[in-house]
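Comments concern the structure below.
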Amino acid sequence: MIFYYINSEILQEIKNVDIFTFDPRTKRRDLFLSKDESLTDDLIARATHLFEKEVRFQLYNKSLNSLEEKTQAKIKALNSEQLELESIQRQRNELAIENLDESFNIMRELRNVVRTDDFSTLRGRAQNEFLLIPLFQSEYISSASNFLLKLFERDTQTLKEVGFCYFFAKMLKVHNWEELIDIMMACIFKDIGLTQIPYGKIRSFEDESYQKHTMYTIYVLKKAGLNLSDSAKRYILEHHEQINGQGFPRGKTEAHIAPYSQLISLVDQVFSLKFGRLDKKQRNLKQSIEMLKHRSEVPGLVYDFNINFLSSLFALLD
Ligand SMILES: [Fe+2]
């Protein structure tokens, strides 16, 4: 390693070395503090802000010897964890690349799933792709990667919905891991707030307590210590908003709803039909998408979505 990572505690202990910020996504490295400058309160405040944004800090490995021994030991311990992560990542990449079939075509596979209702190919493909998630990009990405790999070990309703959501997002040209993870996290946790509503209290989709479940979800996630990104939380809060302003909890209109909230909302409607969440009748995926296309009368079903997302979804019926 030419550069060593440092954390905020170490940053405040060291003097007279060049310190850099490093963005693992773009690989961009900028001088934050030169060895001739001292760390002022303003710079500490700026560094704290950058640490919160998961920007990494580094120093040259050759600067190490000029530091106090106890600081050197801390840096070595921190960086051995980093090396371990990098080694796990290399093993994961090798494993994934061995198993990734280059002829995999997302649209063709999604059409297959719609035709057959068999999600096993998507599941296997997603498991291999998740191995490629860059573990050391941030703590959020790393824990999300491990969580997703665990989730996809078992064939569940959640896996089918999240797997479909993942490949549908990729079909719509979302390729950035952070965005894909935010979309999947929102898709997984969006309705966990329903657990806060006493049994039997929801009689219709118009009930006030039901219409607050998106906000309850944010509350539950906070209580459980699950720190999703601001974007993922926004998708959760907006997953029942509608582009015509008839949604809840805030009745936002299209210009105020994030596009990926619409994506999650559309997938939610499809799988609500499939798993009978609206009317207790289970269906296959093809029937569910057709019902949305033909605007079938089902209580609580929403038909109006971002037009590009809808046409991409209906194209899977061809
Ligand atoms: Fe919901």
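Just so it is clear, none of the values below were taken in a lab; they were calculated from the coordinates. A quick note: this is a predicted structure, and the numbers were derived from the prediction, not measured. Reconstructed Cβ throughout: ideal geometry from the backbone, glycine too, with neighbour counts over all protein chains shown.
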* Place a label point 7 angstrom from the Cα of L278 along the Cα-to-Cβ direction, then list the residues of segment 192-227 whose backbone nitrogen is under 20 Å away. => 192, 194, 202-214
* To do: Taking the Cβ of each residue in F119, F51 as the centre, tally the other Cβ atoms inside 10 Å and list the residues starting with the fewest.
  => F51, F119
* **Protection proxy ranking of 32-39, 223-230, 237-244, 120-127 - average other beta-carbon atoms within 10 Å, highest first** => 237-244, 120-127, 32-39, 223-230
* **By average C-beta atoms within 10 angstrom, highest first, the peptides 208-219, 247-258** => 208-219, 247-258
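What full-extension length gain, to one decimal in nm, is calculated for N176 and R25 as 0.36 nm per residue of separation minus the Cα-Cα distance?
My answer for the length gained is 53.4 nm.
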* Structure fact -> Projecting the Cα atoms of L278, I97, C187 onto the charge dipole of the chain, where Lys and Arg contribute +1 and Asp and Glu -1 at Cβ, the residue farthest towards the positive end is L278
* Any idea how far the Cα center of segment 67-104 sits from the one of segment 165-228, in Å? -> 31 Å
* Structure fact -> Note to self, the chain gives a 222 nm [θ] from helices alone (DSSP H runs n ≥ 4, -39500 (n - 2.57) apiece, / all residues, nearest 500) of -16500 deg cm²/dmol
* **Point-charge dipole on Cβ atoms (K/R +1, D/E -1) for the chain, about Cα centre, debye to 20** => 780 debye
* So for segment 3-76, taking the charge dipole from beta-carbon charges (+1 Lys/Arg, -1 Asp/Glu), which of F22, T48, T71 sits furthest toward the positive end? -> F22
* Diffusion coefficient, µm² s⁻¹, Stokes-Einstein with Kirkwood Rh over alpha-carbon pairs of segment 3-76 at 25 °C and 0.890 mPa s -> 198 µm²/s
* Quick one: Debye curve from the alpha-carbon atoms of segment 105-252 only, equal weights, vacuum; give me log10 I(q)/I(0) at q = 0.11, 0.19 Å⁻¹ to two decimals. => -0.47, -1.21
* Asked: If you line up the Cα atoms of the chain on their principal axes, what length do they span on each, largest first, in Å?
  -> 73, 46, 34
